[in-house]
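The values are calculated or read from the model by the stated rules, or taken from the named source; none is laboratory data. Remember, it's a predicted structure, so these values are computed and weren't measured experimentally. Glycine gets a Cβ as well: all are built from the backbone with ideal geometry, and neighbour counts include every protein chain shown.
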Amino acid sequence: MKSSFLVLSFILAGNVALAQYNPEKPDLRQGRFYTEEQAAKVHQDLAQNYSDKKSWEKRAALIRQGILEGSEFNLLKVPKASNVTIHSKKEFNGYSVENVSFQSLNGIYVTGNLYRPIQTGKKMAGVLCPHGHGQDPRLKEYTQQRCATLARMGAVVFAYDMIGMGDMKQCDHKIPKAVKLQLANSTAALNFLLSQPDIDKERIGMTGESGGGTQTFLLAAIDNRIKVSVPVVMVSAYFFGGCICESGMPIHKRPTHETTNVEIAALAAPRPMLLVSDGGDWTKNTPNLEYPYIKRIYSFYGAEDKLENVHLPDEKHDYGISKRLAAYEFLARHLKLEINKVKVNGKIDESINAVLSPAQLQVFDAGHPLPADALKGDDAVTKLLN
């Protein structure tokens, strides 16, 4: 029997180009899978599946189960962070930075930096900061600026490495089950963040760009402990993620249904979510397609005011200063952060943040080596995940 996608392709073939169907991977939806015209038609059809909260939640349960089964995450039990090492504390103007590692699965170590406000005696919000693709993005200035500013606002912030990047070099980034491992590491990172002293478990946010945006909306979709989410330059009706870590396992096409990243992002409803988009990538249509589509779903909960879109038509694919400013305002409002602490003359000022060298942020060094029980190499990690 033909898949619903093949039927749809046949119907649309006379009007627009066919989607990028790969016969070698029929269960995957990858890259620019639809044309923009197809994406509009697909979402018009998807919207017919629900018209109120009850019908949406039936659909949402199906999509959520599809993520869990398609990623094989339902076969894992991610324990509390263990073998935790925190070292090399550095204090700056209103915040500190520490280098962190802990075990997520047997032999797998999550690596990152913990940014804390220098304050005591009060409950604090927490923010997870995954990053996008590139050369060790956790170590870059734009990531440090985001984390330091949020810490100065009063949040405990954890920035962690994608697999195969930064200090997490136990395997290549593009192992076949990268989606499964990154979801496990993100869940472990959330467990670690929630274990920190004085954390308010009702004020937990998450924000990342590009591939980190995918991690953000995927974890928010399956874990209600994420109370506020800000996926940056990633939620798209026609683009399913260009890397195996985003779309290399069948989370979008299941025997029971097909879905898109727009519907997956909408699983955050009615929790606050900010979509940050720009004119230079696959989020260029967000104000006219993705945002209104998701806002309709929020309306089923009477929560339209919890969803926002900041669109920057003249910008490109990054987590630059204007995108960070939008995220700061939204996170401050919904996580009750003290944004005035980072303002000078009424404007957010990042200039006093320390920009550290990669060596200062390095997790594994001569004094803190990779633990002896850590798995090494793609074959060993893949065997664990199979």
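Assorted remarks:
- Within segment 157-177, the set of residues being over 17 Å from the mean Cα position of the chain (by Cα) and hydrophobic (A, V, I, L, M, F, W, C) comprises 168, 171, 175.
- Set side by side, the residues 40, 47 differ, and just one is farther than 25 Å from residue 222 by Cβ, touching a residue at least 60 places away in the same chain (Cβ under 8 Å) and either surrounded by fewer than 17 Cβ atoms within 10 Å (Cβ to Cβ) or not aromatic (Phe, Trp, Tyr) (or both), which is 40.
- Yes/no for residue 375 being farther than 30 Å from residue 170 by Cβ and either at pLDDT 95 or above or not hydrophobic (A, V, I, L, M, F, W, C) (or both): no
- Selection within segment 336-352 - closer than 16 Å to residue 148 by Cβ and either among the aliphatic types (A, V, I, L, M) or in a helix (DSSP H, G or I) (or both): 337, 339, 341, 342, 344, 348, 352
- When the criteria are applied in full, residue 355 fails the requirement of being crowded, with 17+ Cβ neighbours inside 10 Å, β-branched (Val, Ile, Thr) and either free of Cβ contacts under 8 Å to residues at least 40 places away in the same chain or part of a loop (DSSP other than H, G, I, E, B) (or both).
- Test result for residue 198, charged (D, E, K, R) and modelled with pLDDT under 95: yes
- Segment 74-90, residues that are surrounded by 12 or more Cβ atoms within 10 Å (Cβ to Cβ) and over 25 Å from the mean Cα position of the chain (by Cα): 87, 88, 90
- In segment 135-155, the residues that are closer than 20 Å to residue 93 by Cβ form Cβ pairs under 9 Å with partners that are among the aromatic types (Phe, Trp, Tyr) and in a helix (DSSP H, G or I), at six or more places apart or across chains, as follows: 146/328; 149/328; 150/328; 153/328.
- Hey, residue 323 touching a residue at least 60 places away in the same chain (Cβ under 8 Å), assigned to a helix (DSSP H, G or I) and closer than 26 Å to residue 214 by Cβ or not: yes
- Qualifying helices (runs of 4 or more DSSP H) (wholly inside segment 205-288; at least 2 residues being of a type in the set (S, T, N, Q)): 211-222
- You will find that of 303, 332, 326, the residue that is of a type outside the set (Phe, Trp, Tyr), within 18 Å of the chain's Cα centre (by Cα) and over 16 Å from residue 264 (Cα atoms) is 326 and no other.
- With respect to the conditions (1) among the aromatic types (Phe, Trp, Tyr); (2) crowded, with 17+ Cβ neighbours inside 10 Å; (3) farther than 28 Å from residue 376 by Cα, residue 102 falls short on a single one, namely (3).
- Each residue in segment 123-147 was checked for being out of contact with any His (no Cβ under 8 Å at 6 or more places or on another chain) and of a type in the set (Val, Ile, Thr), and 1 pass.
- Taking segment 102-150 as the range and being out of contact with any strand residue (DSSP E or B) (no Cβ under 7 Å at 6 or more places or on another chain) and of a type in the set (A, V, I, L, M) as the test, the residues that pass are 105, 108, 139.
- Selection status of residue 70, more than 27 Å from residue 330 (Cβ to Cβ) and in contact with a Pro (Cβ under 6 Å, 6 or more places away or on another chain): yes
- Selection within segment 75-120 - closer than 29 Å to residue 353 by Cβ, of a type in the set (A, V, I, L, M, F, W, C), modelled with pLDDT of 95 or more and not in a strand (DSSP E or B): 92
- Test: residue in segment 2-20 that is modelled with pLDDT of 95 or more, at negative phi and either acidic (Asp, Glu) or in a loop (DSSP other than H, G, I, E, B) (or both): no
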